[in-house]
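Data block below; observations after.
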Amino acid sequence: MASSSLSSQSAAHETDSLLETPQTDNLLRNSSNQRRNPYGIILSAFLLAMMALVALFFFNILPYKPPNTDIVGSQLLQLSLHMQGRVVFPEDADFGDASKVWREDVVANNPPLAIIEAFSESDVQLAMPVLARLFRLHDIPFRIRSGGHNKAGFSTTGGGIILSLKQMRNVELLKNNDYDSNELQGDILTPHPTTKTVVASVQPGATVEVVLDNLLEQEGAGGTVGICGNVAEGGFVLGGGIGFMSRSLGLGIDNVLSFRIVLYDGTIVTANAESHPDLFFALRGAGSGNYGVVTEMEYKYFHPMPREQRSRMVIIPIEDFASFLYNLGKSPPSREFMSIFGVSPDSATALMSWFSADPERIDESEDRFQEEIAPLLPASSYEQVPYAYFDWADGTHDFSDKPGYTDHLYAVQVWQGFLMPANNTRAVWDEIVSLIQHIVEECPDVHPDIELWGGAISDTPHNETAFAYRDALFNVGVQLYVTKEAYKEQFEYELNKVNQWWPSVAQYLEGAYVNYPMNSLGDDEYPRLYWGNHLERLVHVKRQYDPLNIFRYEQSMPVAVT
């Protein structure tokens, strides 16, 4: 622990007091006499001014007062003496690395006061009452961070404290894996007779790369994980979890059997189908930083899982793209196909991946492509690009290093929503593609991102999890990002352009995916867009497990429906 002005100063003894509402009855009764007395008028004005100041303080609308860093340092220093992990302060040499998140500008412009690096569940249990007390008594905000990949920057907070779970990254197959595969998986997958369902304990800081390196490479097991290698499983799963295998194995939330979660007062709860089922419902799709700190998940994987999968890139002329998307939505391909589309002014690029949990079906990719995808495309789009094998784990490491998926973008914003079956028409796609073509011509830092959903995602009953858009065919969106601070002015210029442009696309979409958070949404917009008609139920769970609204951030679960 480095000695710092924040961590080493001793805080004065804290006293807790309640503000009392001023009594005004006597002032009102004597007001007529005071009007006849100039000294009474002066005294009355003085008293009214004092009352106004008290009211301003009471209702917390005075100008911002910096946090008492003496109190923060004292409290966190005491906490660190009992933790397996540590507390990192601004004067520590590695504070820059400890405070780093995927979106750099939010830290560069307003860094946190300190980072609590938890190494274990007991560390989280010790930290939560301290964070709750600092928040309630001294207005010191805090955030929960698993991997720091939140595109809106919500996993950090300026002038507050970060509870980092990055060091909690263990992934381990449970010894008792005598499960019936069909019983666990239901209708989502009928595995090959030799494929068995296995269950692993996964901590929230484990990234996709860690999961693949530990399970796929060492144990031969795999399942629904994120696409980008530096995404941590905590945020990925709690918000939904779309990955290469989601169309065949379901979202991440569809593969969770149980959560362990630390509540605001340090209480540990196990939430599953039998214990705290209402919380289990809420955590699967609305769990990121809303109800507590998830410290462990029991998660389903499949064994043996092919280490090599197949993929190909397809270039689609822009004039054929709307027709292709319409037909793809009308007749969805095999569930092993996962497609992600980018758009330039002249063409669209499709990553057509074939991920199978059945080792004997890997070689079907080319035949299935020729039968299901090729008829939707002009031959020139695909005939020169055959399917290629790639190592899933190694390929994920390589993919994570590409621009746009690194861990050091300077600024990012996202706009997105779901295209439902009712809007899967040729006319709608013609309009959307034309609009996207226009914005990428005008804004070179805008990158469209269209994902094929459906398949097993739609199999889970609507009311089983907090994810509200089971029938979605596509997620349609754009990302605006720049890699360096030098491009900040250009980013702001394009940001305004996209904010003005986006409603023309959003009119054809429904809802939004909470794991792609949108900074542009107002407080009256985001709850219903993210959680749809589950919102009332989720607010009820919020009141039950976080009655003081301790877990609060820019787009957290509200405590009331407006």
Testing SER504 on (1) open to solvent by less than 60 Å² (accessible area, probe 1.4 Å); (2) in contact with a strand residue (DSSP E or B) (Cβ under 9 Å, 6 or more places away or on another chain), one condition comes back false. Which one is that? (2)
By residue number, the members of segment 86-111 that are surrounded by fewer than 18 Cβ atoms within 10 Å (Cβ to Cβ), among the aliphatic types (A, V, I, L, M) and modelled with pLDDT of 90 or more are ALA93
Got at least one residue in segment 255-271 being surrounded by 24 or more Cβ atoms within 10 Å (Cβ to Cβ) and at positive phi? no
Within segment 226-243, track down each residue that is surrounded by fewer than 24 Cβ atoms within 10 Å (Cβ to Cβ) and under 7 Å from VAL208 (Cβ atoms). CYS228, GLY229
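Residues ALA114, ALA127, ALA118, ALA132: which one is in contact with a Pro (Cβ under 8 Å, 6 or more places away or on another chain) and modelled with pLDDT of 95 or more?
Values: ALA127 fails: in contact with a Pro (Cβ under 8 Å, 6 or more places away or on another chain); ALA118 fails: in contact with a Pro (Cβ under 8 Å, 6 or more places away or on another chain); ALA132 fails: in contact with a Pro (Cβ under 8 Å, 6 or more places away or on another chain).
Of ALA114, ALA127, ALA118, ALA132, the one residue that is in contact with a Pro (Cβ under 8 Å, 6 or more places away or on another chain) and modelled with pLDDT of 95 or more is ALA114.
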If only one of THR425, THR483 is touching a Leu at 6+ places or on another chain (Cβ under 7 Å) and surrounded by fewer than 17 Cβ atoms within 10 Å (Cβ to Cβ), which one is it? THR483
Near pairs, Cβ below 8 angstrom, 6+ apart or cross-chain, from segment 423-447 (of a type in the set (D, E, K, R)) to any residue that is open to solvent by less than 20 Å² (accessible area, probe 1.4 Å): ARG426/ALA322; ASP430/ALA322; ASP445/LEU480; ASP445/VAL482; ASP445/PHE491; ASP445/GLU494
Of those in segment 434-458 that are under 17 Å from PRO421 (Cβ atoms) and either hydrophobic (A, V, I, L, M, F, W, C) or open to solvent by 60 Å² or more (accessible area, probe 1.4 Å) (or both), the residue farthest from the chain's Cα centre (by Cα) is ALA456
The one condition LYS542 fails out of (1) charged (D, E, K, R); (2) part of a helix (DSSP H, G or I); (3) open to solvent by 30 Å² or more (accessible area, probe 1.4 Å); (4) over 14 Å from LEU480 (Cβ atoms) is (3)
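Considering only residues that are outside any loop (DSSP other than H, G, I, E, B), of a type outside the set (D, E, K, R) and within 17 Å of GLY287 (Cα to Cα), look in segment 137-154 and name the one that is least open to solvent (accessible area, probe 1.4 Å).
Of everything passing the filter in segment 137-154, PHE142 is least open to solvent (accessible area, probe 1.4 Å).
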Output the number of residues of segment 152-194 satisfying the condition of being out of contact with any strand residue (DSSP E or B) (no Cβ under 6 Å at 6 or more places or on another chain), small (Gly, Ala, Ser) and modelled with pLDDT under 60. 1
(1) open to solvent by 10 Å² or more (accessible area, probe 1.4 Å); (2) outside any strand (DSSP E or B): which one isn't true of LEU328, the others all being true? (1)
Here is a check on your reading of the model: is LEU134 more than 21 Å from the chain's Cα centre (by Cα), of a type outside the set (Gly, Ala, Ser), under 15 Å from SER155 (Cα atoms) and buried (at least 19 other Cβ atoms within 10 Å of the Cβ)? no
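The values are calculated or read from the model by the stated rules, or taken from the named source; none is laboratory data. As the structure is a prediction and not an experimental result, all values here were calculated from the model. Counting neighbours? That spans all protein chains shown, and the Cβs are built from the backbone with ideal geometry, glycine included. Side chains are part of the model used for accessible areas, which takes the heavy atoms of the whole protein and leaves out ligands, DNA and RNA. Shrake-Rupley method; radii C 1.70, N 1.55, O 1.52, S 1.80 Å.
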